[in-house]
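Following: one structure in structure tokens, then a few remarks.
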Amino acid sequence: MSTLFILNDPPYGTELVYNGLRLAGNILRQDPGHQLSVFLMGDAASAAKAGQSTPNGYYNVNKMLGNVLRGGGQVLVCGTCMDARGLTQDDLIPGALRSTLDELTQLTLAADKLLTF
């Protein structure tokens, strides 16, 4: 079984990215070995920017993306969206990878489930 999450919203200000990552992490905890990909596009691309510091008691999407990676999932970031936001591969958290629309298309075609947030 494979699941593809496409996240579009900014990492903070709405709770869409937060809730998508909560579900992704929970899937990996309850179904070890599940093939799961998170594709960040639009304003969600900035969710993978390393070095985010949030107030105590507030969620941190860097840590949540790290949980996905440690759980065996992959985190991909739209390259065009990165360019528009001045992000490079070196700006991303370890394990997150710059990606393309072609790769997103292939993941979409192969996915058993597709969820967007």
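Just so you know, all these numbers are worked out from the coordinates, no wet-lab data involved. Source: prediction; values computed, not measured. We place every Cβ from the backbone using ideal geometry, glycine too, and count neighbours over all the protein chains shown.
All but one of (1) surrounded by fewer than 19 Cβ atoms within 10 Å (Cβ to Cβ); (2) over 25 Å from THR105 (Cβ atoms) hold for MET64; which doesn't?
(1)
Between a first residue in the stretch 97-108 that is among the acidic types (Asp, Glu) and a second residue that is surrounded by 12 or more Cβ atoms within 10 Å (Cβ to Cβ), which pairs have beta carbons less than 9 Å apart while being 6 or more apart in sequence or on different chains?
Listed by first residue and then by second, the contacts come to GLU103/PHE39; GLU103/LEU76.
Looking at the stretch 9-26 only, could you name the residues that are in a helix (DSSP H, G or I) and among the hydroxyl-bearing types (Ser, Thr, Tyr)?
Within the stretch 9-26, TYR18 is the sole residue that qualifies.
Quick check, is ARG29 out of contact with any helix residue (DSSP H, G or I) (no Cβ under 8 Å at 6 or more places or on another chain), of a type in the set (Lys, Arg), free of Cβ contacts under 8 Å to residues at least 24 places away in the same chain and farther than 20 Å from ASP9 by Cβ?
no
For the stretch 96-114, what are the residues that are assigned to a helix (DSSP H, G or I) and either of a type outside the set (A, V, I, L, M) or surrounded by fewer than 16 Cβ atoms within 10 Å (Cβ to Cβ) (or both)?
LEU101, ASP102, GLU103, THR105, GLN106, THR108, LEU109, ALA110
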